[in-house]
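All remarks here apply to the structure that follows.
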2 protein chains.
Amino acid sequence: MRREELIGFVGVDIGGQSTRVGIFDQRGRLKVISFPTEGNFRTECEAIVTAIKKLNVDRVRRIGVGSPGPLDWKKRLVYDTPNLPWRKVNFGLLEEMSGWSVLLDNDANVAGLGEATMGRGRGKRFIAGFTLGTGIGHFQVKDGRIYHGRLDVEAGHQILDPQGPKCNCGQRGCLEAFVSAVAIERRYGKPPHLLNDPKAWKEIAYRLAQGLVNVAVHTSPDVLILTGGMLARGRLLFDPLRRYYEAMLKVYPPAYRPPVLAAQLGDKAGVVGAIVLAKVGHSD
Amino acid sequence: MRREELIGFVGVDIGGQSTRVGIFDQRGRLKVISFPTEGNFRTECEAIVTAIKKLNVDRVRRIGVGSPGPLDWKKRLVYDTPNLPWRKVNFGLLEEMSGWSVLLDNDANVAGLGEATMGRGRGKRFIAGFTLGTGIGHFQVKDGRIYHGRLDVEAGHQILDPQGPKCNCGQRGCLEAFVSAVAIERRYGKPPHLLNDPKAWKEIAYRLAQGLVNVAVHTSPDVLILTGGMLARGRLLFDPLRRYYEAMLKVYPPAYRPPVLAAQLGDKAGVVGAIVLAKVGHSD
């Protein structure tokens with residue numbers, strides 16, 4: 001997708017701490033305004049509208065919003081989420097207040113859409129991957145659009161070992177229960193950015209490799225993309241990860257084994273993905 | 001899908017032992033002719049054409065073929081497969097010889113398409129499941145069509161335990177390496193139809209449950225369907241399977257946990273699915 005096609009589409013990336021509102025300007029540059037996420041949902045919507053006006057868009061065509069879930073993207077409802085101060089809010093309000101139509105999806109899907117179309121997955125048809133953070137978000141992007149099943153796909157909660165550690169979702173031995181920042185801190189006593197023991201990272205990489213192989217056989221994508229803060233650990237994570245992944249995935253011929261790639265857009269994936277969502281819409 | 005919509009579409013289900021050719025007649029009844037699969041591919045194509053003529057179709061609209069893989073459905077190539085006597089054959093030949101256009105897909109996908117549209121999944125939008133046999137085939141059917149990624153999806157080769165038993169695919173600890181008929185015979189010394197030990201079936205069900213949970217979180221389907229000869233074992237398999245599955249899958253709210261259902265069409269799923277394939281075509 002070319003940046004010029006995205007002019008007029010606004011992306012909103014909502015996080016527990018801050019909200020980013022962004023557009024591509026006439027020269028194809030990403031312009032972002034951010035502000036602390038408001039405790040009151042109506043005030044938040046007003047702040048989003050104010051930011052859009054400050055960005056000086058000639059004509060707003062549509063707004064895409066990425067938010068932590070659980071949420072219902074069809075109804076544009078965000079349910080109770082521990083990471084946001086609101087309780088069951090509807091982004092129809094933003095549409096009402098602004099007069100612009102609004103699309104909503106969850107933060108992992110939206111970041112994945114950004115990477116898939118404007119980042120590391122550019123030019124590829126099927127992209128899948130994980131956001132490695134407090135939890136493990138999962139995304140699948142097909143033909144430039146976010147894939148949903150009946151609900152969101154949640155491969156961060158695939159079961160790697162039915163007798164493994166308890167996960168916050170109520171299951172046991174989920175990928176998230178092995179490799180999320182919370183799981184790492186619980187197991188090794190340190191958050192990922194302070195953990196320097198290569199043996200620990202090998203264990204983490206081993207489980208992440210198993211999880212990536214399973215995404216590969218369930219979706220057969222062109223590439224697998226990892227995004228999120230943990231990527232800053234670089235080779236400590238990626239060296240053993242690629243070794244284990246290559247040793248584990250054999251069922252497809254070598255040319256069809258999707259490479260595991262690090263995201264390119266960093267913390268801009270969410271706002272870029274929200275802009276792309278505004279442009280391409282949902283697939284159903 | 002109504003049977004009347006399928007009149008004129010021919011389904012061919014190719015197995016190592018026999019080939020079935022079927023249609024729905026004007027009164028909506030399935031008519032099937034079967035013959036031993038020919039050792040020579042050209043003779044096989046001639047036999048298929050002869051069977052179609054015997055079925056007395058007013059006007060043949062298209063032929064759908066399900067075959068053991070590995071195969072390339074776009075090129076209509078079947079590669080070397082241990083279960084068929086041919087080596088790298090192209091179903092373009094059947095099209096040439098008959099003058100009718102031919103679509104090809106693998107046997108698990110085609111059986112899944114049959115169950116999804118005319119069997120247990122009728123009226124549902126997203127269906128996924130396994131064929132339990134010599135190997136573990138996997139299918140995903142979305143909006144009435146077979147889903148493919150870059151290659152076929154192969155969740156029978158998801159890794160349940162990276163240190164588990166070796167699989168014929170070259171990996172370790174695949175679902176197939178735990179629950180296929182071959183794996184069962186290797187582990188318990190008896191093929192599934194002679195295995196009567198409830199403890200053994202509990203172990204098999206435990207791994208199959210883990211595999212089904214993982215399909216659920218990767219695809220979020222409406223229902224999960226199991227098909228294949230092993231279903232004849234009934235409650236020996238299904239009682240512990242449903243117990244383990246319900247105990248393991250928690251991440252989705254109860255109303256969104258796909259039920260695990262037994263197929264309805266039995267050994268007709270393949271020929272029915274091939275008829276449906278002929279009608280609806282591939283999704284891309």
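Do we find a residue being in the same structural domain as residue A:10 (by TED's automatic domain parsing), crowded, with 17+ Cβ neighbours inside 10 Å and touching a Gly at 6+ places or on another chain (Cβ under 6 Å) anywhere in segment A:46-55?
No.
Take residue B:43 and decide whether it is hydroxyl-bearing (Ser, Thr, Tyr) and more than 22 Å from the chain's Cα centre (by Cα).
It is true that residue B:43 is hydroxyl-bearing (Ser, Thr, Tyr) and more than 22 Å from the chain's Cα centre (by Cα).
Could you list, in sequence order, the residues of segment B:1-57 that are out of contact with any strand residue (DSSP E or B) (no Cβ under 9 Å at 6 or more places or on another chain), of a type in the set (S, T, N, Q) and assigned to a loop (DSSP other than H, G, I, E, B)?
B:26, B:40
Please name all residue pairs, on different chains or six or more residues apart, with Cβ atoms under 6 Å, provided the first residue is in segment A:223-235 and is in the same structural domain as residue A:191 (by TED's automatic domain parsing) and more than 13 Å from residue A:201 (Cβ to Cβ) and the second residue is part of a helix (DSSP H, G or I) and of a type outside the set (Asp, Glu).
Correct list of pairs: A:224/A:212; A:227/A:111; A:227/A:269.
Report, by residue number, each residue of segment B:134-163 that is basic (Lys, Arg), touching a residue at least 60 places away in the same chain (Cβ under 8 Å) and within 8 Å of another protein chain (Cβ to nearest Cβ).
none
Is it the case that segment A:102-120 has a residue that's surrounded by fewer than 18 Cβ atoms within 10 Å (Cβ to Cβ) and either touching a Pro at 6+ places or on another chain (Cβ under 7 Å) or under 30 Å from residue A:60 (Cβ atoms) (or both)?
No: zero hits.
Any idea which of (1) in contact (Cβ under 8 Å) with a residue 60 or more places away in the chain; (2) within 12 Å of chain B (Cβ to nearest Cβ); (3) among the basic types (Lys, Arg) is the one residue A:166 doesn't satisfy?
Among (1) in contact (Cβ under 8 Å) with a residue 60 or more places away in the chain; (2) within 12 Å of chain B (Cβ to nearest Cβ); (3) among the basic types (Lys, Arg), residue A:166 violates only (1).
Take segment A:175-188 and flag every residue that is within 19 Å of residue A:227 (Cβ to Cβ) and either within 10 Å of another protein chain (Cβ to nearest Cβ) or part of a helix (DSSP H, G or I) (or both).
A:175, A:176, A:178, A:179, A:181, A:182, A:183, A:184
Restricting segment B:49-62 to residues that are out of contact with any Ser or Thr (no Cβ under 7 Å at 6 or more places or on another chain) and touching a residue at least 24 places away in the same chain (Cβ under 8 Å), which is nearest to residue B:38 (Cα to Cα)?
Among those residues, the one meeting the criterion is B:51.
Which numbered condition trips up residue A:126, out of (1) closer than 24 Å to residue B:125 by Cβ; (2) within 12 Å of chain B (Cβ to nearest Cβ); (3) at pLDDT 95 or above; (4) buried (at least 22 other Cβ atoms within 10 Å of the Cβ)?
(4)
Restricting attention to helices (runs of 4 or more DSSP H) lying wholly within segment A:189-282, give those where 1 or more residues are among the aromatic types (Phe, Trp, Tyr), more than 17 Å from the chain's Cα centre (by Cα) and surrounded by fewer than 24 Cβ atoms within 10 Å (Cβ to Cβ).
A:198-219, A:235-248
The values are calculated or read from the model by the stated rules, or taken from the named source; none is laboratory data. None of the values given here were measured: they were computed from a predicted structure. No Cβ is skipped: glycine too gets one built from the backbone with ideal geometry, and neighbour counts run over all protein chains shown.
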